[in-house]
Amino acid sequence: MSYLMIFITAVFVNNIVLSQFLGICPFLGVSKKISTAAGMGFAVMFVITLSTIVTFLIYYTFLQPYNLGFMMTVTFILVIASLVQMVEIILKKVSPALYQALGIFLPLITTNCAVLGIAILTIQKNYNIVAGTCYALASAIGFTLAIIIFAGIRERLAYTKIPTSLQGTPIALITASLLSMAFMGFAGIGG
């Protein structure tokens, strides 16, 4: 599979949030404003890409050669937690406003199943380091694209008269399902 097809498929066809349903917590929780959603998307993009590279190297350097594959999940979680701490420290210094806006969701990147899921899927799909990095970056871009689009729709919904019974979470879930169905239109691209 070419790198371009891996990229297009991961962003649109097999979108990590809208198709594989990984990373739903930040998708719903940080998508009320475009600025906050973009910040979360870029933070997740950095963490997913970097953690996939690091976990790939750890897996093929230490875990697989010494038959320690059963330690993959625990090892990957520790690596991801360390990287999130690094991102948190950097954001606190570089952009205090974004750090405050993300609030509790920044440490939750550690438990974002999309980050761990991409690292594990890269190993399961037997990608090499370049293909794995392409897949991780594309999946992260797909996450960012989905959360920004969703935030834009939710901002517009704030100016719409919505029945009381559908306000809040119900309309957010309906909107997410419609967005997911819209992305299903790209399924013909992936083969």
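Below is a table of values for the structure above.
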{"read-out": "Among (1) part of a helix (DSSP H, G or I); (2) aromatic (Phe, Trp, Tyr); (3) exposed (fewer than 15 other Cβ atoms within 10 Å of the Cβ), the one test that TYR99 misses", "value": "(3)"}
{"read-out": "Residue within the range 85-92 that is at positive phi, surrounded by 13 or more Cβ atoms within 10 Å (Cβ to Cβ), of a type outside the set (Gly, Ala, Ser) and out of contact with any Ser or Thr (no Cβ under 7 Å at 6 or more places or on another chain) present", "value": "no"}
{"read-out": "Residues of the range 123-144 satisfying the condition of being of a type in the set (Phe, Trp, Tyr) and either closer than 17 Å to SER19 by Cβ or in a helix (DSSP H, G or I) (or both)", "value": "TYR135, PHE143"}
{"read-out": "Boolean, TYR159 is modelled with pLDDT of 95 or more and part of a loop (DSSP other than H, G, I, E, B)", "value": "no"}
{"read-out": "Criterion: under 24 Å from LEU18 (Cα atoms) and in contact with a Phe, Trp or Tyr (Cβ under 9 Å, 6 or more places away or on another chain) - qualifying residue of ILE109, ILE120", "value": "ILE120"}
{"read-out": "ASN112, sole failed condition from (1) touching a Pro at 6+ places or on another chain (Cβ under 7 Å); (2) over 13 Å from VAL44 (Cα atoms); (3) of a type in the set (S, T, N, Q)", "value": "(2)"}
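The values are calculated or read from the model by the stated rules, or taken from the named source; none is laboratory data. Fair warning: this is a prediction, and the values are worked out from it, not measured in the lab. So basically every Cβ, Gly included, is an ideal-geometry build from the backbone, and we count neighbours across all protein chains shown.
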